[in-house]
1. Only Lys, Arg, Asp and Glu count, each charged at its Cβ (+1, +1, -1, -1), so figure out the dipole size of the stretch 345-478 about its Cα centre, rounded to 20 debye.
2. Arranged from highest to lowest average of other beta-carbon atoms within 10 Å per residue, in what order do the peptides 370-376, 399-405 appear?
3. For Lys293, list the lysines whose Cα falls under 18 Å from its own Cα; do not include residues on the same chain fewer than 8 positions away.
4. So, by mean Cβ neighbours within 10 angstrom, what's the order for 345-352, 97-104, 157-164, 227-234 with the highest one leading?
5. Under the rule of at least 5 residues apart or a separate chain, name every residue whose amide H is placed under 5 Å from the amide H of Glu128.
6. So if we plug the beta-carbon distance of Gln269 and Gln402 into 1/(1 + (r/R0)^6) with R0 = 41 Å, what FRET efficiency do we get, rounded to 0.05?
7. When the helix-only estimate is applied to the chain (DSSP H runs of n ≥ 4, each -39,500 (n - 2.57), divided by the residue count), what is the mean residue ellipticity at 222 nm, nearest 500 deg cm²/dmol?
8. Roughly speaking, what is the stretch gain from Arg375 to Ala395, that is 0.36 nm per residue apart minus the C-alpha to C-alpha distance, in nm to one decimal?
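Coordinate-derived values only; no laboratory data. Keep in mind it's a predicted model, so treat the numbers as computed, not measured. Neighbour counts run over all protein chains shown; Cβ positions are idealised from the backbone, glycine included.
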Amino acid sequence: MNKETTVFPKGFLWGGATAATQCEGAWNVDGKGASVLDHCTNGDKEHPRLVTEVIDTEKYFYPSHEGCKQYEHFEEDIELFAEAGFKTYRLSINWSRIFPNGDDETPNQAGLDYYRRLFEKCREHGIEPTVTMTHYDIPWHLCVEYGGWANRKVIDLFLKYAKTILTEYKGLVTRWLTHNEINFGTISYGEIITSGILPKSGRILMQDPDATTEDVNRRFQALHHEFIASAKVVQLAHEIDPENEVGCMMCGFAFYPLTCKPEDVAEAQRDMEIWNYYCMDVMCKGKYPYWAKRYWKEHGISLEIAEEDLSILANGMVDFISFSYYRTDCSKANTQVVEGRTDFGMPNPMLEATEWGWTIDPQGLRWLLNEYYARYEKPLMIVENGIGAYETQEADGSIHDQARIDYMREHFKAMAQAIEDGVELIGYTCWSAIDIVSAGTGEFKKRYGLIYVEADDLGNGSYKRTKKDSFYWYQKVISSNGVDLA
């Protein structure tokens, strides 16, 4: 890029991101109840995480119980984020820290006080919080007693929680996201992480080839309830504070056809529709996509939709779109299980991949930004983007994470191209601001952060914070508003 000019708009929201269940720790401290991920064991590339009905710390290690201990280090962390130049910090409130069981009569004051201190600390340093209301952290009690989001009663419980935090933090937080990566609910990953539906297999984040029609129907019914809750929250947030802006949060799935066969091109189109646009159309257009009825019929889905639901969706469209972007995949027709298939599709033979098999495709980000903006013409915000890698600390304490710098640089170039294309991109928060637990594998050694945390996969370590090379590089990028990428 030209050293004298920048295409990034004035006030562009540079920052970093975390999630409460992956960074806070203190899972049962100060009145907090257990959330779904508090029942999830650790894992690795070869071994999936498990969901245990009873937390058994003698047999298993539960990574969310420690995180990176931000609950006790948040002041230090925010000071580091301010040093990096963050304009925004994207984080989440843990629902069970506010309502320990999800259906409690009154909120937990200690939880309310904690987040108030955190948001005030952000504001003190000129950092605007971007806050996710639920990021894979539905209270465990709601899963066991209600069946998660499959139960319509959870809508009102979520609204009570949302009203509490919207009122409590009025003026401190004005940028909200409702459900994290809600579109995971359209595929068989979504039962537990987005919907709180406990899997029979005890596995998390693994596709279920044995899912029955009843399982699929329950998952899509849960999604419908989440849509209604989100739409109601949009209206509620605007009523409580007209300054509030509410966005959806999607996993940015991007599919290319594996070949130029018409069948593969059609498969890629269908993958984009169900993995992205099913949810985005509802939340951004206020209605289900035109092809949804055929999809429901072909998959045995019969939704219970209340008479007022369609008007609620139409009146509760989000103000902006936020999404994660890590990779692209390929679509191939007429196959569900095939050798070489990734979790999300077929690997792209034209791209390099990380140690975890995630392809690296900066140009795919430009393409996806244009796809989303052309379809919805709403402001876009990238709230997760980064690379997980094994990293070691040198004898002098330094951490040389050149792969992360290279990854981010190329994605920033793609973002700049999309902005020049005419896309309204308002912000970017890297995943992650600091080393945290990987949601997918439960590992700590799969490091994403700009800041190194001295800890291992079993919670051992000093948890000392050390700035990586990427911290200083990103500091330079932010101070130049994207001009200096060298």
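1. Working: 14 positive and 21 negative charges, 62 e Å.
For the stretch 345-478, the charge dipole is close to 300 debye.
2. Numbers: 370-376: 16.9, 399-405: 18.6.
The densest-packed peptide leads the list: 399-405, 370-376.
3. Excluding near neighbours in sequence, the set is Lys285.
4. The densest-packed peptide leads the list: 227-234, 97-104, 157-164, 345-352.
5. Distant-sequence amide H within range of Glu128: Thr88, Tyr89.
6. About 0.65, to the nearest 0.05.
7. -11000 deg cm²/dmol
8. Full extension from Arg375 to Ala395 adds 2.1 nm.
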